[in-house]
Amino acid sequence: MRIVFKTDYMQDIRPWKDGYQLSLYLILLAVVFAAPWILDVFYLGELTNVLIWAIAGMGLMVLTGHTGQASLGHAAFLAFGCYSNVILLEAGVPFILAFPLAGVITGIIGALVAIPALRLHGIYLAIFTLAMSILVDDIIVLTEPWSGGVSGKYIAGIDLFGLSIDRWGTPMLFYWLVLAVTVIVALGYINLLRSPLGRSFIAVRDSEVSAQAMGVDIARTKTISFGLSCMVTGWAGAFMGMFAGAFNNETFSVVISIELLMMIVIGGLGSIHGAFFGAIVIGFLPQFLSIAKEYVGALFGGSTVAIPGLEFGIFGMILIAFILFEPMGIYGRWLKIRTFFELFPFYRKDMFKRQKSYLKTERLR
Amino acid sequence: MSLLEIENVTLKFGGLTAVDNLSFTVEEGEVFAIVGPNGAGKSTVFNLISRFYDPYAGQIRFDGHNLLEVKPSGVAAYGVARTFQNIELFEHATVLQNLLVGRHRHRKTNLFSEILFTPSARRQELENREKVEEVIDFLDLQAYRDKMIAGLPYGVRKVVEVARALSTDPKLLLLDEPASGLSVEETTDMRWWIDDIRRQMGITVLMVEHDMGLVSGVSDRVLAMADGAKLALGTPAEVQSHPAVIEAYLGKAS
Ligand SMILES: Nc1ncnc2c1ncn2[C@@H]1O[C@H](COP(=O)(O)OP(=O)(O)O)[C@@H](O)[C@H]1O
Ligand SMILES: [Mg+2]
């Protein structure tokens, strides 16, 4: 077991525990950076997709995992980000401005949406945001002159610093662009969590009454959280558009919203790691399933089985399994495994025993 | 001028008058206790000071400010900190993080400097650590600093809640039943801590407590309540021997 002795306050403030942990993350970063030389084009595309989902996951994680506000409407913000990016690019705005702006616009929309949503809790907030997700389809159809409506829009490559970046033409460059944004968002997220604002998010999530008593303005904090969450989600949406190349009113459906929420639950709510673990599951599940399908198909005489909605159904089953057996998600499971090895052979089974939390009614009395 | 002035405050929940035309003042530097049977309205008085409820009538002033003009989140800014009867900690955060939330009212940075973690944000974090670390030392919480609240025993949680309130650097500390559910030893610790909070830190304490040993040990004045109204107010000995108080506790039959 590694024991970290704390001798100065910066050790608590720095995002890494010690030099060992820092070097692990740097090695991981180096490997991920070198991926284009290691992987073939197909898997590089898959990895790009995983990173885009991880950005979206971080976006939703801020709101749901850290501020405790469930959203079933985040596909709407993916759409806002995607469309603003493309519309700005078409208007001749260079990518270096259009992309950040797409996020900022989406963030502002998110903060505005937060105002009516502030009074809603739990399931009511989920229903409200779900309605948004359904509405966005109609909004895209209604704003046809700008959005292209049902026939949709296309996006070819973009130009950045004189380089032409295109998902198909220059997949390496597109991958590095996505990776750069992923790293920037993750660093900003880490900084947020070690600052007063991030802690006030957690405070609002865990106890609104005592957050208030500590001077945290609930409405303001939730609005900021919505704004930040939607901004990051907007960026992910912009990348999703560029990754897909073509999209219309049905691309960012309610299903995507649900998948996004499932993803962060499976990954582990309340941790940045969770967004990444969830994205890996969501990114590679279709691959895994198609391999499994082929295998099953071969077993039953050659033809591949085609069951509509199979992917989603299996995803739902995985989610239920996690909620029942591992509410802390993959990240929680990882922590347990790590602790097991660190403490070996002193691990006790009840070490992570779930604590019953008090019923939250009547708690002011 | 008194530090806290409650003047003719009434609060009704539907047909129930939880606080009934109540008046009292808390002077700077004293330990003031509120006692009374369950349902007397003691916690409701705290919640009124925290601005969770708007009084039906009356005035609440703190340190010269009209508290009724501020939002619930504005009360802490004036220097009022509190604990809750049914512990309200941030369950899925560490003790250190909980205490750092207590520093929120001293926040000088903004969204941008925090996301970039500029030198000013770093300096503020260092200051916050120093303050919080003083509180950790004072309440002997070193062993729990990096533990999640969700795994802590009840007695420790109670102390963490006091620590979080102290981290705000308050002028007035509201303690809602600080000793309920604590063992005899833990109650004794709490007693000395409350004494030190007043003497060393110069913080005024307003507490609700059932343990009469603790109340008479630390408090200068005691207010006895029943059914939302004032029964008696005076030194611990005076209140304990007051006929109305004895009647409220022992029932009308005696
Ligand atoms: N939010 C609320 N809604 C309705 N009734 C309440 C509420 N809070 C407290 N009460 C009632 O007000 C009375 C006083 O409660 P409280 O202040 O918690 O008493 P205690 O002196 O035991 O702390 C009780 O009868 C309680 O049931
Ligand atoms: Mg009470």
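Values as computed for the structure displayed
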read-out: Residues (more than 14 Å from chain B (Cβ to nearest Cβ), out of contact with any Leu (no Cβ under 8 Å at 6 or more places or on another chain) and β-branched (Val, Ile, Thr)) located in segment A:160-199; value: A:VAL181
read-out: Of all residues in segment B:75-102 being open to solvent by 20 Å² or more (accessible area, probe 1.4 Å) and under 13 Å from A:GLY215 (Cα atoms), the one that is farthest from the other protein chains (Cβ to nearest Cβ); value: B:TYR78
read-out: From A:LEU160, A:LEU197, residue being in contact with a Phe, Trp or Tyr (Cβ under 6 Å, 6 or more places away or on another chain) and in the same structural domain as A:GLY73 (by TED's automatic domain parsing); value: A:LEU160
read-out: Sole exception among (1) within 13 Å of ligand 1 (Cβ to nearest atom); (2) open to solvent by less than 60 Å² (accessible area, probe 1.4 Å); (3) on the phi > 0 side of the Ramachandran plot for B:VAL9, by number; value: (3)
read-out: Tally of residues being more than 16 Å from the chain's Cα centre (by Cα) and open to solvent by less than 10 Å² (accessible area, probe 1.4 Å) across segment B:25-59; value: 2
read-out: Residue check for B:GLY181: out of contact with any His (no Cβ under 7 Å at 6 or more places or on another chain), in a loop (DSSP other than H, G, I, E, B) and at pLDDT 90 or above; value: no
read-out: Test for B:GLU186: is it among the acidic types (Asp, Glu), over 30 Å from B:GLY213 (Cβ atoms) and more than 16 Å from ligand 1 (Cβ to nearest atom); value: no
read-out: B:GLY58 being within 16 Å of ligand 1 (Cβ to nearest atom) and either over 25 Å from B:GLU133 (Cβ atoms) or outside the structural domain of B:MET212 (by TED's automatic domain parsing) (or both); value: yes
read-out: Single residue of A:LEU359, A:LEU343, A:LEU335, A:LEU364 found to be open to solvent by less than 50 Å² (accessible area, probe 1.4 Å), modelled with pLDDT under 70 and within 14 Å of another protein chain (Cβ to nearest Cβ); value: A:LEU364
read-out: Residue check for B:GLU127: in a helix (DSSP H, G or I), farther than 21 Å from B:LEU182 by Cβ and facing chain A (nearest Cβ under 8 Å); value: no
read-out: Segment B:10-56, residues that are more than 15 Å from ligand 2 (Cβ to nearest atom) and within 11 Å of chain A (Cβ to nearest Cβ); value: B:ARG51
read-out: Test set (1) out of contact with any helix residue (DSSP H, G or I) (no Cβ under 8 Å at 6 or more places or on another chain); (2) at pLDDT 95 or above; (3) of a type in the set (Val, Ile, Thr) - A:VAL209 fails condition number; value: (2)
read-out: Residues located in segment B:60-74, provided they are assigned to a strand (DSSP E or B) and surrounded by 17 or more Cβ atoms within 10 Å (Cβ to Cβ); value: B:ILE60, B:ARG61, B:PHE62
read-out: Qualifying position, being within 13 Å of the chain's Cα centre (by Cα), β-branched (Val, Ile, Thr) and more than 16 Å from ligand 2 (Cβ to nearest atom), among B:THR109, B:THR168; value: B:THR168
read-out: Filter result (open to solvent by less than 60 Å² (accessible area, probe 1.4 Å), touching a residue at least 24 places away in the same chain (Cβ under 8 Å) and assigned to a helix (DSSP H, G or I)) within segment B:214-244; value: B:LEU214, B:VAL215, B:SER216, B:GLY217, B:VAL218, B:PRO236, B:VAL239
read-out: Test for B:GLN97: is it in a strand (DSSP E or B), away from ligand 2 (no atom under 16 Å from the Cβ), modelled with pLDDT under 95 and in contact with a helix residue (DSSP H, G or I) (Cβ under 8 Å, 6 or more places away or on another chain); value: no
read-out: Test for B:VAL208: is it within 16 Å of ligand 2 (Cβ to nearest atom), of a type in the set (A, V, I, L, M, F, W, C) and under 30 Å from B:ASN128 (Cα atoms); value: yes
read-out: Residue, farthest from the other protein chains (Cβ to nearest Cβ), within segment A:256-272, restricted to residues that are assigned to a helix (DSSP H, G or I) and open to solvent by 10 Å² or more (accessible area, probe 1.4 Å); value: A:ILE256
read-out: All positions within segment B:104-117 that are assigned to a helix (DSSP H, G or I) and within 7 Å of chain A (Cβ to nearest Cβ); value: B:HIS104, B:ARG105, B:LEU111, B:GLU114, B:ILE115
read-out: Candidates B:LYS158, B:LYS147 - the one that is open to solvent by 20 Å² or more (accessible area, probe 1.4 Å) and either under 17 Å from the mean Cα position of the chain (by Cα) or within 14 Å of another protein chain (Cβ to nearest Cβ) (or both); value: B:LYS147
read-out: Residue among B:GLU134, B:GLU177 that is within 14 Å of another protein chain (Cβ to nearest Cβ), out of contact with any helix residue (DSSP H, G or I) (no Cβ under 7 Å at 6 or more places or on another chain), within 16 Å of ligand 1 (Cβ to nearest atom) and not small (Gly, Ala, Ser); value: B:GLU177
read-out: Count of residues meeting criterion [away from ligand 1 (no atom under 13 Å from the Cβ) and either over 20 Å from A:SER210 (Cα atoms) or outside any loop (DSSP other than H, G, I, E, B) (or both)] in segment B:12-54; value: 11
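Yes or no, residue by residue, for (1) assigned by TED's automatic domain parsing to the domain that holds A:LEU97; (2) over 20 Å from the mean Cα position of the chain (by Cα); (3) open to solvent by 20 Å² or more (accessible area, probe 1.4 Å); (4) farther than 30 Å from B:HIS104 by Cα:
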{"position": "A:TRP168", "(1), (2), (3), (4)": "yes, yes, yes, yes"}
{"position": "A:LEU173", "(1), (2), (3), (4)": "yes, yes, yes, yes"}
{"position": "A:THR182", "(1), (2), (3), (4)": "yes, no, no, no"}
{"position": "A:VAL185", "(1), (2), (3), (4)": "yes, no, no, no"}
{"position": "A:PHE201", "(1), (2), (3), (4)": "yes, no, no, no"}
{"position": "A:SER210", "(1), (2), (3), (4)": "yes, yes, no, no"}
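The values are calculated or read from the model by the stated rules, or taken from the named source; none is laboratory data. Everything numeric in this text was worked out from a predicted model, so none of it was measured. Please note: Cβ atoms are built from the backbone with ideal geometry, for glycine as well, and neighbour counts cover all protein chains shown. Just so you know, the surface numbers come from the protein's heavy atoms only, side chains and all, with ligands and any DNA or RNA stripped out. Shrake-Rupley method; radii C 1.70, N 1.55, O 1.52, S 1.80 Å.
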